[in-house]
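For reference, the structure is listed below as structure tokens.
The values are calculated or read from the model by the stated rules, or taken from the named source; none is laboratory data. Please read all numbers here as calculations on a predicted model, not as lab measurements. Neighbour counts are summed over all protein chains in view; Cβ atoms, including those assigned to glycine, are modelled from backbone coordinates with ideal geometry. Accessible surface is based on the protein model in full, side chains and every heavy atom, while ligands, DNA and RNA are left aside. Shrake-Rupley method; radii C 1.70, N 1.55, O 1.52, S 1.80 Å.
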Amino acid sequence: MDKVRVGVLGSTGSVGQRYVNMLRDHPWFELTALSASASSVGKRYRDASKWVLDTGMPEWAADMTVIAADPKEFKKAGVELVFSALPSEVAKAVESEMVDAGFAVVADTSAHRMDPDVPIVIPEVNSQHLDAIEGQRKRGKRGLIVTGPNCTTSGLAMSLKPVQISYGLKTVLVSTMQALSGAGFFGVPSMAIVDNLVPYIKNEEEKVQQEVLKILGDYEGGFKQARIRVGASCQRVCVLDGHTEAVFMVTEKAASPEEVARCMEKFEGEPQRLRLPSAPMPPIIVRKEPDRPQPRLDRMAGSPERARGMATVVGRIRREEALENGIKYVLLSHNTIRGAAGNAILIAELLKAKDMI
Ligand code: NAP
């Protein structure tokens, strides 16, 4: 099989580095373009990027020259599919230009997530939302665009889906403890977070609420929101990677904690059925110990090797006696892998497996 040539917008950042790392030796994709801001353009990737991952920068990437976020430059590099990890302020215009130039774009940014013909896809949860691409084509788009959810929505929607299927959901409340890498490379000054937590993340609660309803809703020529009441409270904590979330939910049909655990453990989606290279087997891991999941111990969960960090880890599933049909649990999801680069790569694998790119 010929490899699809891919490029990364924002390749030097927190998410961008994850792409470079996860695309090494990818069986279906070849990374041929690394792009960043004007201050990095023309530099070698090793000089432009302050590499923070413990895996070491791949040699082939280190010697690549960083190019501008310009469709012409991406064409010259032979790119067919563009991953976007740009800051949201610049993403809207650049991603639109890439689509207009005929590229398939898979974006981690919020810029186009709520557009009426753009799906927010977690491949295990709502792969059928890729039907919206037909709508994009009908409206004359030359390329296509699919987005991944906000890093906090990702693990939440994944854990809710099997419960929604088996028991129905009425209300979901979530309180988050979010990692520093979620705020980007220069996001949170150490003086603000060491020995501290910050009980506010701009726009995060609104994003989680809106995105969960879009992802868990139907697509029938247009998106129909799921009829669930969702509320979120988001906190930044002194953890490097991995968002932890305490979830409280009210199900439509009564379910015991054991039944909820069983439906989560049994859950799988199209990536598992198609055996996509980055699909975690299984996508949800339920821990039985009373003190798991923990970010340091569980954020890299997921097998096979290529799917490390792709599994959502759930634990402490128990009844919430204060609510009728109430269940509560804790989840952990790796924000720059499952919440960004890894999810986007899985979307691209799904597009390839379905001959959509
Ligand atoms: P980041 O660490 O701040 O990285 C930003 C990247 O964009 C860098 O490569 C930077 O290049 C480049 N860039 C900045 N301004 C640019 C411009 N005007 N033109 C072209 N490139 C430009 O941010 P991040 O955390 O990786 O997040 C990237 C996006 O993913 C954001 O939209 C974020 O909301 C979303 N996201 C992040 C996470 C997460 O956990 N971090 C999860 C899901 C989604 P230089 O190095 O040259 O400045």
Pick from region 61-76 the residues that are within 23 Å of residue 147 (Cβ to Cβ) and over 25 Å from the mean Cα position of the chain (by Cα): which of them is least open to solvent (accessible area, probe 1.4 Å)? 73
State whether the residues of region 289-297 include one that is buried (at least 23 other Cβ atoms within 10 Å of the Cβ) and either more than 20 Å from the chain's Cα centre (by Cα) or modelled with pLDDT of 95 or more (or both). yes
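For every residue, the table says whether it meets (1) open to solvent by 20 Å² or more (accessible area, probe 1.4 Å); (2) out of contact with any helix residue (DSSP H, G or I) (no Cβ under 6 Å at 6 or more places or on another chain); (3) free of Cβ contacts under 8 Å to residues at least 24 places away in the same chain.
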position: 213; (1), (2), (3): yes, yes, yes
position: 224; (1), (2), (3): yes, yes, yes
position: 234; (1), (2), (3): no, no, no
position: 241; (1), (2), (3): yes, no, no
position: 253; (1), (2), (3): yes, no, no
position: 264; (1), (2), (3): no, no, no
position: 270; (1), (2), (3): yes, no, no
position: 277; (1), (2), (3): yes, no, no
Which condition does residue 165 not pass, out of (1) open to solvent by less than 80 Å² (accessible area, probe 1.4 Å); (2) closer than 30 Å to residue 259 by Cβ; (3) not in a loop (DSSP other than H, G, I, E, B), if it passes all the others? (1)
Go through the residues of region 150-160 one by one and say whether even a single one is more than 16 Å from residue 335 (Cα to Cα), away from the ligand (no atom under 12 Å from the Cβ), surrounded by 23 or more Cβ atoms within 10 Å (Cβ to Cβ) and in contact (Cβ under 8 Å) with a residue 12 or more places away in the chain. yes
Which residue out of 18, 5 is within 14 Å of the ligand (Cβ to nearest atom) and either surrounded by 23 or more Cβ atoms within 10 Å (Cβ to Cβ) or within 30 Å of residue 304 (Cβ to Cβ) (or both)? 18
Restricting attention to region 246-256, does a residue exist that is under 30 Å from residue 185 (Cα atoms) and modelled with pLDDT of 95 or more? yes
Report, by residue number, each residue of region 303-323 that is farther than 27 Å from residue 256 by Cβ, open to solvent by less than 30 Å² (accessible area, probe 1.4 Å) and among the small types (Gly, Ala, Ser). 307, 309
So, in region 86-103, of the ones that are under 17 Å from residue 340 (Cα atoms) and either part of a loop (DSSP other than H, G, I, E, B) or more than 15 Å from the ligand (Cβ to nearest atom) (or both), which residue ends up least open to solvent (accessible area, probe 1.4 Å)? 86
Would you check which residues across region 301-333 are under 18 Å from residue 215 (Cβ atoms), within 16 Å of the ligand (Cβ to nearest atom) and either part of a loop (DSSP other than H, G, I, E, B) or of a type in the set (Val, Ile, Thr) (or both) and list them? 310, 312
